[in-house]
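Engineer: Below you will find the structure I want to go over with you.
The values are calculated or read from the model by the stated rules, or taken from the named source; none is laboratory data. Just so you know, these numbers come straight off a predicted model, no measurement behind them. Every residue, glycine among them, receives a Cβ derived from its backbone with ideal geometry; neighbour counts consider all protein chains shown.
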Amino acid sequence: MSTKIAYGIFDDDDVVLHAIPKLQEKKFKVVDVISPFPIHGLDHALGLKRTRISMTAFMYGITGTSLALLMMWYMNIWDWPMDIGGKPSFALYKNLPAFIPVTFESTVLCAAHGMVITFYLRSKLLPGVEPVIIDARATDDRFVMAIEVKTDADKDAAHAAMKALGAMYVK
């Protein structure tokens, strides 16, 4: 059995925010709300968990730091050690102050690029993917609520419930 999505288009953010618990009481699963601006309390109303994106940023940063230190150790100590300014390069910890700027830049570079790639993958914004445009004004001044339904009868009931809760029109 495939699931379908019923859409309700609203013109006020307060109406959307107050409609979510009422729809959930009627056993409808509100999947998503598309809004032109952030709505305070929407994540809590939808039951979304706290994001783990900061942990991925930390992991990408640690990867960048590790790669930078490994690269500089290999190039300056193992592969081609040179005396620069009378200072021999025979240990990483003795040359660490000189490696700090490159390490910082590599950390920021890997964290930023990793976060952008993660964002595109999680949002399914890959090249060649056609966007699903529910309403042309969804990112301008309208609010779109998506409800998961299983049958056409459920879809009709969801449409009626959204209309009763203040939806301008339903799809």
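Engineer: Select from segment 49-81 the residues that are loosely packed, with under 12 Cβ neighbours inside 10 Å and of a type in the set (S, T, N, Q) and write down the one among them that is nearest to VAL108 (Cα to Cα).
Structural biologist: Of everything passing the filter in segment 49-81, SER54 is nearest to VAL108 (Cα to Cα).
Engineer: Now for a different question. Test of understanding: among ALA68, ALA57, which residue is among the aliphatic types (A, V, I, L, M) and over 22 Å from the mean Cα position of the chain (by Cα)? Please lay out each step first, then the result.
Structural biologist: Details: ALA57 fails: over 22 Å from the mean Cα position of the chain (by Cα).
The unique qualifying residue is ALA68.
Engineer: List the number of the failed condition for VAL102; all other conditions in (1) touching a helix residue (DSSP H, G or I) at 6+ places or on another chain (Cβ under 7 Å); (2) exposed (fewer than 14 other Cβ atoms within 10 Å of the Cβ); (3) within 30 Å of ASP12 (Cα to Cα) hold.
Structural biologist: (3)
Engineer: Among the numbered conditions (1) part of a helix (DSSP H, G or I); (2) outside the structural domain of GLY8 (by TED's automatic domain parsing); (3) of a type in the set (Lys, Arg), tell me where LYS94 comes up short.
Structural biologist: For LYS94, the exception is condition (1).
Engineer: Listed residues LYS155, LYS124, LYS150, LYS94; which is surrounded by fewer than 15 Cβ atoms within 10 Å (Cβ to Cβ), of a type in the set (Lys, Arg) and touching a residue at least 12 places away in the same chain (Cβ under 8 Å)? Lay out the reasoning, then the answer.
Structural biologist: Numbers: LYS155 fails: surrounded by fewer than 15 Cβ atoms within 10 Å (Cβ to Cβ); LYS124 fails: touching a residue at least 12 places away in the same chain (Cβ under 8 Å); LYS94 fails: touching a residue at least 12 places away in the same chain (Cβ under 8 Å).
Every option except LYS150 fails the conditions.
Engineer: Just for segment 127-136: of the residues that are free of Cβ contacts under 8 Å to residues at least 40 places away in the same chain and closer than 24 Å to ALA6 by Cβ, which one is surrounded by the most Cβ atoms within 10 Å (Cβ to Cβ)? It would help to see each step written out before you state the result.
Structural biologist: Pass one, segment 127-136, residues free of Cβ contacts under 8 Å to residues at least 40 places away in the same chain: 127-133, 136.
So of that shortlist, the ones also closer than 24 Å to ALA6 by Cβ come out as 129-133, 136.
Working: VAL129: 10, GLU130: 5, PRO131: 7, VAL132: 8, ILE133: 8, ALA136: 8.
Within segment 127-136, the match that is surrounded by the most Cβ atoms within 10 Å (Cβ to Cβ) is VAL129.
Engineer: A follow-up question, please. Of VAL31, VAL108, which residue is under 21 Å from the mean Cα position of the chain (by Cα), surrounded by 11 or more Cβ atoms within 10 Å (Cβ to Cβ) and in the same structural domain as MET162 (by TED's automatic domain parsing)?
Structural biologist: Values: VAL108 fails: in the same structural domain as MET162 (by TED's automatic domain parsing).
Within the list VAL31, VAL108, the selection yields VAL31.
This table checks each residue for (1) in a strand (DSSP E or B); (2) among the small types (Gly, Ala, Ser); (3) modelled with pLDDT under 90; (4) over 20 Å from THR139 (Cβ atoms).
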| site | (1), (2), (3), (4) |
| --- | --- |
| SER2 | no, yes, yes, yes |
| ILE9 | yes, no, no, no |
| VAL31 | yes, no, no, no |
| HIS40 | no, no, no, no |
| ILE62 | no, no, no, yes |
| THR65 | no, no, no, yes |
| LEU69 | no, no, no, yes |
| ILE77 | no, no, yes, yes |
| SER89 | no, yes, yes, yes |
